[in-house]
Structure formats: structure tokens, C-alpha cells
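In what follows, a single structure is set out as C-alpha cells and then discussed.
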Amino acid sequence: MTPPTTAPLPQKKILLTGFDAFGGAALNPSWLAVKALHGRQMLGHTVVAAQLPTVFDASLRELRALLRQHQPALVVCVGQAGGRQAMSLERVAINVNDAPMADNAGAQPVDTPVAQGAPVAYFTSLPIKAMLAALQQEGVRAEVSQTAGTFVCNHVFYGLMRELATQPELRHTRGGFVHVPWLPEQGTPHMALDDIVRGLRAALRCALQVQQDQTVGAGTTH
């Protein structure tokens, strides 16, 4: 008698995205760091790394397609923030595009919504205070950030959180955004690629393990 066949259990995935280079730069540390973690196994989950274009609208179309394809348990989008000294765990995404420069397709929206008629803002669903402690324990400079800017990074962050809030199939998915500093060859302040990768790995492990975030101060006066 032939034993009954059973469908394989769905693979648990972490979707990790970075951006292509923009603004005339030759590289983007967000993509280099994310790519280094592609295929890694982490607490029963497989990391899937994908590159998003630094382009308004097109970046969100690509992200939505990735979410549909992979149905991840966790999503962390990563972007470059030149001028920052630490890995920035973003707290809030706002519903505005106000580009200080053109994106890679030449678009430069000013004072437009990411999503018409949608909420003013969404908060991350990542345990950013616990992640902050995890990164600091690893010896990686980290901070909680109160703004993801108004360029493509915030555009993607807002779009991600809106998808997680409105799509029933993603109701159990947690997500958020992390900014990383320049690499040494890009300028100062900077952070070594190995440290960024180590920080992302610690952040992901924490996000998988911690359900209830810590209540500790990590605000700013400006």
C-alpha cells in the first residue's frame, strides 16, 4: 500500500531588503550587508535578501511582490543614512514624500502622500528597545531613531507597515526599518561592513525571540 503523501510544511522566512546605490554613489551599504545574510538559517527561519530600487513607487511595487511571494514571518527593510554614526532602529514611518534630491528614475516628489487617504503614520512592530540592547551587547553602535526621513527609505517603511496593517495574509508578520551608516570608503562617520552585518544578525535574532518589547528610555530632546 502506498503511504499517503503530505505537503511539506511552509518554510519560515525572514525578508531582508536593501537598496541599490543612489545619488551618484558607487555602492550602498544596506544592500551589501543584506546580501551577506542571504540564505542564512536563523532560529528555524531562512533569510531571503532582496534589492529594492531607490525609486518612489517602484520600490513599493517590488516590496509588495516580495511579500506575496515569500509570506515572511519577519520583514526588515534596510537603508543607508549618510551622516549617522550608529545603526538606527526606526520607530515611525510618516505618510509624506518630500524628496531632497531626485530618485534613480529622476522623480522628486514634494509634499505628496505615500498613500492617499491613509493614516498619518505607522509605528514599527519590531521590538526596537530590545533590539537596541542586543546590538549594544554585541558592541555595535546603535540608537532608536525618531525619523526615517522623507526620501525613499521612509516611503518603503510606510508602505511596508501599511501592507502589514491592511493585508489579512500578513497579519502575523512583524516588520520595520533599520538605517545603517556609510562604509569607511564613503566618508565620515562610518561603520565597517562586518559590524553592520553583525548588528543586523543580532537585531534579527532579537526580533524573532522577543514578543513584548522592553520599556526603557531611548528618546531624544531634539
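Among the residues making up the stretch 47-72, those that are among the small types (G, A, S) and in a helix (DSSP H, G or I) are A58, S59, A65.
Checked against (1) part of a helix (DSSP H, G or I); (2) over 15 Å from the mean Cα position of the chain (by Cα), Q116 meets all criteria but (1).
Check the stretch 32-53 and report whether any residue there is among the hydroxyl-bearing types (S, T, Y), touching a His at 6+ places or on another chain (Cβ under 7 Å) and either in contact (Cβ under 8 Å) with a residue 24 or more places away in the chain or open to solvent by 60 Å² or more (accessible area, probe 1.4 Å) (or both). For the stretch 32-53, residues among the hydroxyl-bearing types (S, T, Y), touching a His at 6+ places or on another chain (Cβ under 7 Å) and either in contact (Cβ under 8 Å) with a residue 24 or more places away in the chain or open to solvent by 60 Å² or more (accessible area, probe 1.4 Å) (or both): absent. Name the pairs: first residue in the stretch 105-127 and without any contact (Cβ under 8 Å) to a residue 24 or more places away in the chain, second residue of a type in the set (S, T, N, Q) and surrounded by 14 or more Cβ atoms within 10 Å (Cβ to Cβ), Cβ to Cβ under 8 Å, at least 6 apart or on different chains? These pairs meet every condition: V110/N97; D111/N97; T112/N97; P113/N95; P113/N97.
Got a number for residues in the stretch 73-104 being within 21 Å of L16 (Cβ to Cβ), assigned to a loop (DSSP other than H, G, I, E, B) and among the polar types (S, T, N, Q)? Of the residues in the stretch 73-104, 1 are within 21 Å of L16 (Cβ to Cβ), assigned to a loop (DSSP other than H, G, I, E, B) and among the polar types (S, T, N, Q). Residues in the stretch 161-196 that are buried (at least 18 other Cβ atoms within 10 Å of the Cβ) and aliphatic (A, V, I, L, M) were compared, and the one that is farthest from R84 (Cα to Cα) is L170.
The values are calculated or read from the model by the stated rules, or taken from the named source; none is laboratory data. The model shown is predicted, which means the values in this text are computed figures rather than measured ones. We place every Cβ from the backbone using ideal geometry, glycine too, and count neighbours over all the protein chains shown. When the accessible area is computed, the model is the full protein with side chains, heavy atoms only, and any ligands, DNA or RNA have been set aside. Shrake-Rupley method; radii C 1.70, N 1.55, O 1.52, S 1.80 Å.
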